[in-house]
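The block underneath contains the structure these notes are about, expressed in structure tokens.
Since every read-out is calculated from the coordinates, none of them should be taken as a lab result. Source: prediction; values computed, not measured.
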């Protein structure tokens, strides 16, 4: 693959649009990728400002897409929140996206748990700890995990 020289606004814009055509990106992530490809910072800002004005670069769309994708992959709200924070997104925007996602996180937890553990409740403390660690790593709160293990899942 040959790398284009990103020394004009048109080249920077074209590269940004190519990246956006593959999947949604956040502004911080897109800036990083363009910098890695050698684009000058002032051209990146100008190009991304125009893409935002034109509605081609949307932080809200990126958040919605990311939350949905990670949830479908079996991840919980704590893990998704952390990943988005590491990608340089604003905490308030992340919280809004998680709230507006319409995802029932307790159902998501149950689904992830059933896929991984075939719906077998832990028989002893060691197994409970093992299952709990896995689900916590996936981004579900201990409160949600305890609710699942005690059978109080979706009823309350």
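Helix 77-86 and the longest principal axis of the C-alpha atoms of the chain enclose an angle of approximately 30°.
Using a Gaussian network model of the chain in which every pair of alpha carbons under 10 angstrom is joined by a spring, one finds that among 65, 141, 118 the greatest mean-square fluctuation is at 118. Averaging the sequence gap over all C-alpha pairs within less than 8 Å and six or more residues apart, then dividing by the number of residues, gives the chain a relative contact order of 21 percent. Computing percent of Cα pairs over 28 Å apart for the structure here picks out one of (1) 41; (2) 38; (3) 12, namely (2). Helix 125-137: angle to the longest alpha-carbon principal axis of the chain, degrees 0 to 90, nearest 10? On a 0 to 90 degree scale, this one is about 20.
Calculate how steeply helix 59-72 sits against the longest principal axis of the alpha-carbon atoms of the chain, using the helix alpha-carbon long axis, and give the answer as 0 to 90 degrees to the nearest 10. Around 40 degrees separate the two axes.
The stretch 64-86 and the stretch 89-122 have Cα centres lying 8 Å from one another. In the distance distribution for the stretch 9-57, Cα-Cα pairs more than 14 Å apart total 39 percent. With Cα atoms as the point set, the stretch 74-156 shows a radius of gyration and Dmax of 13.6, 41 Å. Across the stretch 9-57, Cα pairs under 8 Å and at least six residues apart give a relative contact order of 50 percent.
The mean of 1/r over all distinct Cα pairs in the stretch 60-100, once inverted, gives the Kirkwood hydrodynamic radius of 9.8 Å. Using C-alpha pairs under 8 Å with a sequence gap of at least 6, the mean separation divided by the residue count of the stretch 105-149 gives a relative contact order of 44 percent.
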